[in-house]
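The values are calculated or read from the model by the stated rules, or taken from the named source; none is laboratory data. Since the structure is predicted, the reported quantities are computational estimates derived from the model, not experimental observations. Every residue, glycine as well, gets a Cβ built from its backbone with ideal geometry; the counts of neighbours run over all protein chains shown. When the accessible area is computed, the model is the full protein with side chains, heavy atoms only, and any ligands, DNA or RNA have been set aside. Shrake-Rupley method; radii C 1.70, N 1.55, O 1.52, S 1.80 Å.
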Amino acid sequence: MCPYCRKFITTQLYPAFTALPSSVLNVTIVPYGNARERQRNGSWEFACQHGPVECLGNLIAACALNYTSYQAEDYMPFINCMEVSTTHGQELSALHKCAASNNVSEDDVLTCMKGKDGGNLMHEMALVTEAAKVHYVPWIVVNGQHTTNIQNSAYKGLMGFICKTYSGPQPTACKDLSKPQVVG
């Protein structure tokens with residue numbers, strides 16, 4: 001439910017992910033954001049910046065990541081679908097649609113969400129977020145570094161930023177990006 005994350009994932013990250021080989025773009029999604037956690041009676045509870053529906057979306061994403069073994073090629077289409085398909089209060093409908101079309105088990109995700117696994121996975125996301133010293137989202141890290149320049153450049157134009165800064169052989173998608181566009 002974070003509008004900035006949704007915009008970045010659907011207009012920048014997912015298009016770059018689909019255009020570039022995994023050797024160029026290695027994606028890690030940490031569905032937590034500006035949430036807060038507390039442990040109560042042996043279970044984790046979470047409060048999210050954009051309310052309970054954001055926490056539900058984060059929980060769905062954390063469970064899906066776990067059941068896709070954190071393999072970006074398996075979870076990124078699902079995450080993008082969730083971001084495109086979810087409207088406020090319709091997270092479970094989006095889960096149904098996106099799981100069916102992206103090889104994610106809806107039953108596994110729902111089981112995870114209802115049990116302790118979901119809370120424990122969210123706690124793991126909290127630890128990763130805290131360790132990264134995240135101040136806002138999306139928090140963009142490139143080659144293990146986060147700077148204001150990286151953040152601003154990547155947020156404004158991820159594909160161009162990658163093509164400009166990647167030191168390996170120029171990916172085809174980057175070559176296509178530099179060709180003049182014929183408008184007709």
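In segment 25-134, which helices (runs of 4 or more DSSP H) lie fully inside it and hold 3 or more residues that are within 20 Å of Cys5 (Cβ to Cβ)?
On the way: elements: 52-67, 72-85, 91-101, 106-114, 116-131.
Counting at least 3 such residues, we get 52-67, 72-85, 91-101, 116-131.
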(message) Quick check on segment 126-134. Is at least one of its residues touching a Gly at 6+ places or on another chain (Cβ under 9 Å) and surrounded by 11 or more Cβ atoms within 10 Å (Cβ to Cβ)?
(response) yes
(request) Only residues in segment 85-103 that are open to solvent by 90 Å² or more (accessible area, probe 1.4 Å) count as the first member; pair them with residues that are not in a helix (DSSP H, G or I), Cβ under 6 angstrom, at least 6 apart or cross-chain, and list the lot. (result) none
(message) For segment 48-63: of the residues being among the hydrophobic types (A, V, I, L, M, F, W, C) and more than 11 Å from the chain's Cα centre (by Cα), which is most open to solvent (accessible area, probe 1.4 Å)?
(response) Leu56
(message) Regarding segment 139-159, can at least one residue be identified that is closer than 13 Å to Gly33 by Cα, surrounded by 13 or more Cβ atoms within 10 Å (Cβ to Cβ) and of a type in the set (A, V, I, L, M, F, W, C)?
(response) yes
